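Below is one structure, written out as structure tokens; comments come after it.
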Amino acid sequence: MSEVYHLTTPLSDEDIEKLKAGDIVYLSGTIYTARDAAHKRLVDLIAKGEPLPFELKGAVIYFVGPTPPKPGEPIGSAGPTTSYRMDSYSPTLIEHGLKGMIGKGKRNQAVKDACQKHKAVYFGATGGAGALLGKLIKEAKVIAYEELGPEAVRELKVEEFPVTVINDAYGNDLYEEGRKQYEVKD
Amino acid sequence: MREIAYEDIVKAVKNLVMHTATHLPEDALKKLKEAHEKEKSPVAKKVLEQLLENAEIARSEERPLCQDTGLAVYFIKVGQDVRITGGLLKDAVNEGTEQGYKEGYLRASTCECFSRRNLKEEVGYNLPAVIHIDIVEGDKIEIEYAAKGGGSENVSRARVLAPAQGAEGVKAFVKEVISEAGPNPCPPIIVGVGIGGTFEKAAISSKYALFREAGTPNPDPEIAAFEQELLEELNKLGIGAMGMGGTQTVLAVHVEKNPCHIASLPVSVNVQCHSSRHGHVTL
């Protein structure tokens, strides 16, 4: 049976250890946005041994390219984008301290292995719920790569942001297990 | 000849684009509510609940339903007794699209294929739109529109089967595509299937199938039965809302069938996410 947790970032190894695929987590605190183009730059910085635009230890990255904010609002609609495009970059970030990723859709084995080896989790947020999720983002500011537009790295302050654990640090995968449970074989 | 002014087309398109981004159409909403009632998995039910809440927030606060506000796709039927004054139809549609995306605070998502450079400055904000034009009888212009997101487009596939594979081959292909897609296209989805014609005719038919009101069967009873059969088969996959496991994976299957060459059997599967943002206007 799935558990419900309320966690505040940055996440610790102890936070990660209690999470299992299928658990519901309400995240609060600071999270960072990045999509493909930003991921490539972050991984390049690590390769060169240069500092990143934010502290990676315990961090949570949200794969999102929001709509432009209306006047007076911190951000527009902001639901998750498909995560596989980040698969080639995520293991390096996890190795250097990333604890959580929020997106939607399947990850490859290398990402799942990295989650297990370095204690990290992949959370799924509800794709297509951009209006609902955007409202839970209380502050947003671009901290790097402004020229990338929707793909720039933003620092977000979130309150009780609802996500579900898809891949935990024990090798479990909700996409596989959930589907098996409801699949009807002829 | 009836005259329709360029500016009127621009205005109609702009309004259509802005309204569609924030108002989930009745057909899609009804299908989501039905799925929410029928779903057996508590996790998937919770997701469907969020989607219904999201639709309500988007409508009442005029926020885009999804941050992927799509590429703008149009099927336009122009009556042959219409004369457009003041400019070209395609220019009017593109101009209305740009205005709608800008003024609605929607995302500009068009980019150059290889450099991935956003084209909002050099071509236009979220331009060019994808426009299919047909000339029909009458003196009106009917514009059908959909904001097509990338996630569900990415899992869409086309294949030319051998004629001997027949209806069973088509079914197997559709099942393969949806099974492989899993959580990625944001289920529960609507599945458009174009069968027959040539390679591109099948693809365009599968896209146009998604413009139909969700769950309206094909008028041909044989095709309607095929749609129903596919729907039941696909819901056995167990993928569920957002792929977290469940009984409600597919909201509707729409099939369009065309005569084809004696040597081939083309099939195209175009997937639409649950945020089926479409609408139409007649001028």
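Brief remarks follow.
- Within the stretch B:1-22, being outside any helix (DSSP H, G or I) and surrounded by fewer than 17 Cβ atoms within 10 Å (Cβ to Cβ) holds for B:Met1, B:Arg2, B:Glu3, B:Ala5.
- Filtered residues of the stretch A:105-131 (kept if in contact (Cβ under 8 Å) with a residue 40 or more places away in the chain and at the interface with chain B (Cβ under 7 Å from one of its Cβ atoms)): A:Lys106, A:Gly124, A:Thr126, A:Gly127, A:Gly128, A:Ala129, A:Gly130, A:Ala131
- The single residue among A:Tyr5, A:Tyr62, A:Tyr32 that is more than 14 Å from every other protein chain (Cβ to nearest Cβ), surrounded by 20 or more Cβ atoms within 10 Å (Cβ to Cβ) and in contact with a strand residue (DSSP E or B) (Cβ under 7 Å, 6 or more places away or on another chain) turns out to be A:Tyr32.
- Against the conditions (1) within 14 Å of chain A (Cβ to nearest Cβ); (2) under 14 Å from the mean Cα position of the chain (by Cα); (3) surrounded by fewer than 24 Cβ atoms within 10 Å (Cβ to Cβ); (4) touching a residue at least 40 places away in the same chain (Cβ under 8 Å), B:Arg212 satisfies every one except (1).
- The condition (being more than 10 Å from chain A (Cβ to nearest Cβ), surrounded by fewer than 22 Cβ atoms within 10 Å (Cβ to Cβ), under 18 Å from the mean Cα position of the chain (by Cα) and within 30 Å of A:Gly178 (Cα to Cα)) is satisfied by just one residue among B:Leu29, B:Leu71: B:Leu29.
- The strands (runs of 3 or more DSSP E) found entirely in the stretch A:77-157 that carry 1 or more residues being among the aromatic types (Phe, Trp, Tyr) are A:121-124.
- Matching entry among B:Ile57, B:Ile9 (being β-branched (Val, Ile, Thr) and within 9 Å of chain A (Cβ to nearest Cβ)): B:Ile57
- Only one of the listed residues (B:Leu231, B:Leu251) is surrounded by fewer than 22 Cβ atoms within 10 Å (Cβ to Cβ), of a type in the set (A, V, I, L, M, F, W, C), within 28 Å of A:Glu176 (Cα to Cα) and within 14 Å of another protein chain (Cβ to nearest Cβ). That residue is B:Leu231.
- Some residue of the stretch A:169-184 being free of Cβ contacts under 8 Å to residues at least 24 places away in the same chain, crowded, with 19+ Cβ neighbours inside 10 Å and not hydroxyl-bearing (Ser, Thr, Tyr): yes
- Of the residues A:Glu155, A:Glu151, the single one that is modelled with pLDDT under 95 and either among the β-branched types (Val, Ile, Thr) or within 15 Å of the chain's Cα centre (by Cα) (or both) is A:Glu151.
- Qualifying positions in the stretch A:3-41 - free of Cβ contacts under 8 Å to residues at least 24 places away in the same chain and out of contact with any Ser or Thr (no Cβ under 8 Å at 6 or more places or on another chain): A:Glu3, A:Val4, A:Tyr5, A:Glu14, A:Lys18
- Among the residues of the stretch B:88-117, those identified as among the small types (Gly, Ala, Ser) and either touching a Ser or Thr at 6+ places or on another chain (Cβ under 6 Å) or surrounded by 14 or more Cβ atoms within 10 Å (Cβ to Cβ) (or both) are B:Ala92, B:Gly96, B:Gly100, B:Gly104, B:Ala108, B:Ser109.
- With respect to the conditions (1) surrounded by fewer than 21 Cβ atoms within 10 Å (Cβ to Cβ); (2) touching a Lys or Arg at 6+ places or on another chain (Cβ under 9 Å), B:Pro42 lacks only one, and its number is (2).
- Out of B:Ala55, B:Ala108, B:Ala72, B:Ala164, one residue alone is in a helix (DSSP H, G or I) and farther than 30 Å from B:Gly246 by Cβ. It is B:Ala164.
- Test for A:Ile102: is it among the β-branched types (Val, Ile, Thr), buried (at least 23 other Cβ atoms within 10 Å of the Cβ), within 14 Å of chain B (Cβ to nearest Cβ) and over 13 Å from the mean Cα position of the chain (by Cα): no
- Among residues of the stretch B:173-197 being part of a strand (DSSP E or B) and at negative phi, the one that is surrounded by the most Cβ atoms within 10 Å (Cβ to Cβ) is B:Val191.
- Condition met for A:Glu146 (touching an Asp or Glu at 6+ places or on another chain (Cβ under 9 Å), charged (D, E, K, R) and under 25 Å from A:Leu52 (Cα atoms)): no
- Exactly one residue out of B:Lys120, B:Lys77 is surrounded by fewer than 21 Cβ atoms within 10 Å (Cβ to Cβ) and not in a loop (DSSP other than H, G, I, E, B): that is B:Lys77.
- Residue that is outside the structural domain of B:Val136 (by TED's automatic domain parsing) and touching a residue at least 40 places away in the same chain (Cβ under 8 Å), where the choices are B:Pro42, B:Pro25: B:Pro25
The values are calculated or read from the model by the stated rules, or taken from the named source; none is laboratory data. Quick caveat, the model's predicted, so the values are computed rather than measured. A quick note on method: Cβ atoms are made from the backbone with ideal geometry, for glycine too, and the neighbour counts reach across all protein chains shown.
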